[in-house]
Amino acid sequence: MAESELSNSAIADALEELGDLYELDGAIVHRVLAYRAAAKAVREASVSVAALALEGRASELPGIGKTLQEKILALAQTGAIPAAERLRAKFPPGLIAITRLPGLGPKRARLVHSELGVDSLQALRDAALAQRLRTVRGLGPKLEESVLSALVELDANPTAHASPRVVLPRALEIGQELVAGLAARAGEGAHIELAGSIRRQADSVKDIDIVATTISEGGPQILAKSLSKLEQIEQVSSAGKAGAKARTHSGMGVDLRIAAPGQLGNLLQHFTGSGPHNAALREAAVRMGLHVSEYGILNDATGATDTYETEHHVYQRLGLSYIDPELRENRGELEAARGGTLPQLIELADIRGDLHSHTIASDGHNTIEEMALAARDRGYEYLAITDHSASHGFGNDVSPEQLRRQIELVREANTRVQGIELLAGSEVNILPDGSLDYDDELLGELDWIVASVHTSFGISAQAMTARMITAMEHPLVDAIGHPTGRLIERREPYALDLAAVFTAAARTGTMLEINANPARRDLSDVNARGAARAGVTIVIDSDAHRAGTLANMRWGVATARRAWLTATQVANTRPWPELEQRRKRHAQQRR
């Protein structure tokens with residue numbers, strides 16, 4: 001392998017494999033985690049890590065020290081890491097493939113190999129079908145079932161994980177770097193803008209779409225050639241005056257489209273998408289005797305193609321109100337635009353407070369006062385401090401005695417920090433039976449309670465739904481945090497009857513959260529829209545674990561916009577005195 005051919009994804013794959021091999025070999029957990037963290041840093045790097053290693057600079061990346069620099073250099077120069085070659089020789093080739101299956105991993109792969117002699121995917125399938133996996137201590141029928149399901153999925157789509165999607169903030173960061181790099185080389189009169197799923201603010205992104213216009217002579221060719229000169233770009237597969245296609249060092253595809261300024265509206269509308277939205281738009285246009293594309297709108301009657309400088313004019317020509325990019329998913333937005341019933345979407349500036357944040361009392365990184373000052377700097381009127389409760393399950397939780405002291409500390413900070421109201425709260429764990437892990441007397445001392453599921457994800461949909469509804473029926477629970485437990489591209493939502501949950505939330509007056517952590521965005525846009533339609537009040541929270549991640553609120557607002565939500569449907573667009581009176585504990589007192 002030539003040095004220039006080694007991509008970041010190939011280096012990351014090699015480091016991940018080395019971590020898996022060390023875990024198979026029984027290495028200490030810190031060593032294994034170090035390789036996985038390094039692989040993540042390499043995969044997300046926006047420049048060539050092989051080039052950095054050849055210059056002796058790979059250690060500039062987070063989590064990569066001298067030893068890993070040497071291993072990456074060896075891989076870049078020879079195509080192999082000697083330590084991986086030695087470890088690979090110790091295990092059957094099929095064992096590595098087994099470690100990649102969901103629910104297994106290196107520890108369980110080593111266990112089934114030592115106990116049952118399983119050394120390949122086929123041997124694993126045979127053992128599962130023969131119900132031999134359940135005979136191994138610590139496994140069981142459920143694992144057997146999940147293994148067979150994973151093998152079926154792998155058979156149906158063997159390349160499903162070959163090009164993973166990237167969560168929106170990281171994709172946006174890369175996209176903005178590309179736009180800035182192109183703008184610096186394009187000269188005056190150029191307009192360069194992100195489109196695609198980034199502009200629609202989707203949860204995750206596979207490719208980066210960029211649209212550009214230029215008025216300078218030779219501008220399109222300059223723009224297309226400029227893409228290959230950007231340090232973020234690994235490879236350009238095609239380039240011409242209409243655009244270019246490329247791939248970044250982080251493995252994301254890039255599609256640059258170039259047109260004349262008078263065509264910008266058509267180009268931006270088309271490449272913002274989504275595909276289903278554009279297909280529905282084309283069908284509607286055909287019924288009007290028109291044909292819509294990135295090149296313009298063709299009138300069948302006259303044979304003329306009209307182009308437009310803005311998207312507003314494109315939609316206007318088609319008899320539609322302007323449709324915000326977040327709504328372009330073919331979920332009824334064309335009908336609403338035709339009938340003038342599109343919502344006035346919530347904006348980040350509408351948010352007046354954050355009701356889910358953590359401090360050093362649990363797993364946060366800042367003090368109460370530091371979080372308060374950061375929230376005040378964001379213009380918030382209130383902030384709830386909601387550290388994890390007694391049975392969070394991951395350490396750094398707050399015992400009942402500690403919570404009583406935390407309440408005092410929040411009250412004291414509230415008197416010191418002017419210009420913001422601090423609320424003493426807790427993110428209380430919902431136990432498997434739906435009960436909470438603090439007694440009611442202690443809960444009654446809190447200003448705000450968000451209840452969340454952090455343990456026992458694998459119970460049945462019926463049990464999880466009953467668990468959630470029981471928690472919502474508690475008179476002091478204000479909101480349910482990250483209600484489906486999903487982690488984008490990492491963990492599927494747990495089994496749950498959402499319709500029943502929405503009905504119970506509306507009945508009990510319990511708010512449901514859009515958790516703005518970009519790895520969660522939970523509720524999702526589809527589920528948040530369903531909840532709002534069922535009459536549920538939504539709250540958008542950052543779930544900040546440090547002062548800087550209070551800024552995650554923007555991703556929650558993005559989800560709310562994709563869910564068609566207005567400011568009036570979101571609780572924390574209200575001043576605290578008004579919101580406080582709308583909580584169910586006060587509604588129950590008024591009855």
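Taken over the range 408-446, the residue count meeting the criterion of being outside any helix (DSSP H, G or I) and either polar (S, T, N, Q) or in contact (Cβ under 8 Å) with a residue 60 or more places away in the chain (or both) is 8.
Within the range 43-92, the residues that satisfy the criterion of being on the phi > 0 side of the Ramachandran plot and either of a type in the set (Ser, Thr, Tyr) or surrounded by 14 or more Cβ atoms within 10 Å (Cβ to Cβ) (or both) are Gly63, Gly79.
Among all residues of the range 450-466, there is none that is modelled with pLDDT under 95, of a type in the set (Ser, Thr, Tyr) and surrounded by 22 or more Cβ atoms within 10 Å (Cβ to Cβ).
Quick check on the range 84-93. Is at least one of its residues outside any helix (DSSP H, G or I) and more than 21 Å from Asp13 (Cβ to Cβ)? No, the range 84-93 contains no residue that is outside any helix (DSSP H, G or I) and more than 21 Å from Asp13 (Cβ to Cβ). Each residue in the range 306-322 was checked for being polar (S, T, N, Q) and either at pLDDT below 95 or closer than 10 Å to Leu264 by Cβ (or both), and 2 of them qualify. Residues being modelled with pLDDT under 85, closer than 15 Å to Thr248 by Cα and more than 25 Å from the chain's Cα centre (by Cα): count how many of those fall in the range 1-59. Residues in the range 1-59 being modelled with pLDDT under 85, closer than 15 Å to Thr248 by Cα and more than 25 Å from the chain's Cα centre (by Cα): 3 in total. There is no residue in the range 420-437 that is over 32 Å from the mean Cα position of the chain (by Cα) and assigned by TED's automatic domain parsing to the domain that holds Met472. Among the conditions (1) under 22 Å from Arg561 (Cβ atoms); (2) of a type outside the set (A, V, I, L, M); (3) in contact with a strand residue (DSSP E or B) (Cβ under 8 Å, 6 or more places away or on another chain), the only one that Gln201 does not satisfy is (3).
Might you check whether a residue that is surrounded by 23 or more Cβ atoms within 10 Å (Cβ to Cβ), modelled with pLDDT of 95 or more, among the hydroxyl-bearing types (Ser, Thr, Tyr) and not in a helix (DSSP H, G or I) occurs anywhere in the range 508-522?
Checked against the condition, which is being surrounded by 23 or more Cβ atoms within 10 Å (Cβ to Cβ), modelled with pLDDT of 95 or more, among the hydroxyl-bearing types (Ser, Thr, Tyr) and not in a helix (DSSP H, G or I), the range 508-522 yields at least one hit.
Quick grid of which residues meet (1) within 19 Å of Arg170 (Cα to Cα); (2) modelled with pLDDT of 95 or more; (3) among the small types (Gly, Ala, Ser):
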{"position": "Pro475", "(1), (2), (3)": "no, yes, no"}
{"position": "Arg491", "(1), (2), (3)": "yes, no, no"}
{"position": "Val501", "(1), (2), (3)": "no, yes, no"}
{"position": "Ala506", "(1), (2), (3)": "no, yes, yes"}
{"position": "Ile538", "(1), (2), (3)": "no, yes, no"}
{"position": "Ala544", "(1), (2), (3)": "yes, yes, yes"}
{"position": "Trp564", "(1), (2), (3)": "no, yes, no"}
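For the criterion of being in contact with a Leu (Cβ under 7 Å, 6 or more places away or on another chain), assigned to a loop (DSSP other than H, G, I, E, B) and either basic (Lys, Arg) or not assigned by TED's automatic domain parsing to the domain that holds Thr248 (or both), Gly103 passes. Each residue in the range 355-390 was checked for being acidic (Asp, Glu) and part of a strand (DSSP E or B), and 0 of them qualify. Against the numbered list (1) surrounded by 13 or more Cβ atoms within 10 Å (Cβ to Cβ); (2) over 20 Å from Gly26 (Cα atoms); (3) without any contact (Cβ under 8 Å) to a residue 24 or more places away in the chain, Val147 comes up short only at (3).
Any residue in the range 319-329 that is part of a loop (DSSP other than H, G, I, E, B) and of a type in the set (Lys, Arg)? Even if it seems obvious, please write down each step before you answer.
Taking the range 319-329 as the starting set, the residues that turn out to be part of a loop (DSSP other than H, G, I, E, B) are 319-324, 328-329.
After this cut, where a residue has to be of a type in the set (Lys, Arg) as well, the list is 328.
Looking for residues that are part of a loop (DSSP other than H, G, I, E, B) and of a type in the set (Lys, Arg), one finds at least one in the range 319-329, hence yes.
For the range 557-569, the condition holds for at least one residue, the condition being that it is assigned by TED's automatic domain parsing to the domain that holds Pro475, on the phi > 0 side of the Ramachandran plot and in contact with a Pro (Cβ under 8 Å, 6 or more places away or on another chain). You will find that of Leu256, Leu178, Leu264, the residue that is within 19 Å of Ala45 (Cα to Cα), surrounded by 17 or more Cβ atoms within 10 Å (Cβ to Cβ) and modelled with pLDDT of 90 or more is Leu178 and no other.
Every residue, every condition in (1) without any contact (Cβ under 8 Å) to a residue 60 or more places away in the chain; (2) in the same structural domain as Ala190 (by TED's automatic domain parsing); (3) crowded, with 21+ Cβ neighbours inside 10 Å, yes or no:
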{"position": "Ala239", "(1), (2), (3)": "yes, yes, no"}
{"position": "Ala242", "(1), (2), (3)": "yes, yes, no"}
{"position": "Val286", "(1), (2), (3)": "yes, no, no"}
{"position": "Tyr315", "(1), (2), (3)": "yes, no, no"}
{"position": "Pro325", "(1), (2), (3)": "no, no, yes"}
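Would you check which residues across the range 479-507 are small (Gly, Ala, Ser) and in a helix (DSSP H, G or I) and list them?
Selection gives Ala499, Ala500, Ala504, Ala505, Ala506.
The values are calculated or read from the model by the stated rules, or taken from the named source; none is laboratory data. The structure displayed is predicted, hence computed values, not measured ones. Positions of Cβ are backbone-derived with ideal geometry, glycine not excepted, and every protein chain shown enters the neighbour counts.
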